[in-house]
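Notes follow the structure.
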Amino acid sequence: MRSDADGRYQFSTIRPASYPGRNVPQHIHLTILEPNGRYYYIAEIEFEDDPLLPKSRLMAKNPRGGLGVIPLSEENGVYYGKRDIILGLNIPNYE
């Protein structure tokens, strides 16, 4: 996906399940590709109502790209979430 001129982006997906047989919170992996060709991973999108999400994750120090834990709202059976991504934040050797 690409962001618009103001940096906004959106995508549609299903809400993922946890890995079977493991206590891993539901999450979505994200990788950033900047116009200069540099790419890096950032903190996963996780859902604040997930019972497997450790409370400590809500206060994570130095998450890559900013905090990835988001609330969801529901409208007509569709869930919406918002995550602000801060390019380069807490990325080692980012210039």
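A few notes on this one:
- By average C-beta atoms within 10 angstrom, highest first, the peptides 63-72, 10-19: 63-72, 10-19
- Computed from backbone phi, the HN-Hα couplings of segment 12-18 come to 10, 7, 7, 6, x, 8, 6 Hz, rounded to whole numbers (Karplus: 6.51 cos²θ - 1.76 cosθ + 1.60, θ = phi - 60°; Gly and Pro given as x).
- Spacing of the two label points (7 Å from each Cα toward its C-beta) at Ser3 and Glu74, in nm: 3.1
- Under-5 Å amide H pairs with Ile86, H placed in peptide plane, nonlocal only: Gly66
- Scalar couplings 3J(HN,Hα) for segment 62-78, obtained by applying the Karplus form with A = 6.51, B = -1.76, C = 1.60 to θ = phi - 60°, are 6, x, 5, x, x, 4, x, 7, 10, x, 10, 10, 10, 9, 6, x, 10 Hz; x denotes Gly and Pro.
- Virtual spin-label span in nm between Glu48 and Ser18, 7 Å along Cα→Cβ: 2.0
Any read-out appearing in this document is the output of simple, stated calculations on the displayed coordinates, not a laboratory observation. Given the structure is predicted, the values throughout are model-derived calculations rather than measurements. Because the Cβ atoms are built from the backbone with ideal geometry, glycine has one as well, and the counts that use them run over all protein chains shown.
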